[in-house]
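What follows is calculated from the coordinates using simple rules that are stated; it is not laboratory data. This is a predicted model, so every value here is computed, not measured.
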Amino acid sequence: MKRRATELTVSDHAVLRYLEREHGIDVEAIRSHLAGPALRAAELGAIAVQVEHIKLVIRAVEPGRAVVVTTLGRTVPATNARRLQETDEGTP
């Protein structure tokens, strides 16, 4: 007899697609809305930019890609900070 899973994690990708398809959220419009200020900031050499009440961190993982979003006044969660540091050091 197979054991039943007692826990299941829904991926960010699944949540995003659900919001997009079930609730009509225009993900590409949101991406464009965030990319404009992030691109301008990156061109000026910034590593982060404030867009409304959030902060986009521009550096890390892949050059030219905003990879972390935090609420202003909060720090990057420890797991994300550790992941960014490992990536910057060249480890997976």
| request: Rounded to whole Hz and in sequence order, give me ³J(HN,Hα) for segment 16-23 from the Karplus expression 6.51 cos²θ - 1.76 cosθ + 1.60, θ = phi - 60°, writing x for Gly and Pro. | output: 4, 5, 4, 4, 5, 8, 8, 10
| Sequence-distant residues sharing a close amide H with Val68 (under 5 Å, placed H) | Val57
| field | Residues whose placed amide H lies under 5 Å from that of Ala48, excluding near-sequence neighbours | value | Ile58
| request: Name the residues whose placed amide hydrogens come within less than 5 Å of the amide hydrogen of Ile25, ignoring near sequence neighbours (fewer than 5 apart) on the same chain. | output: Glu20
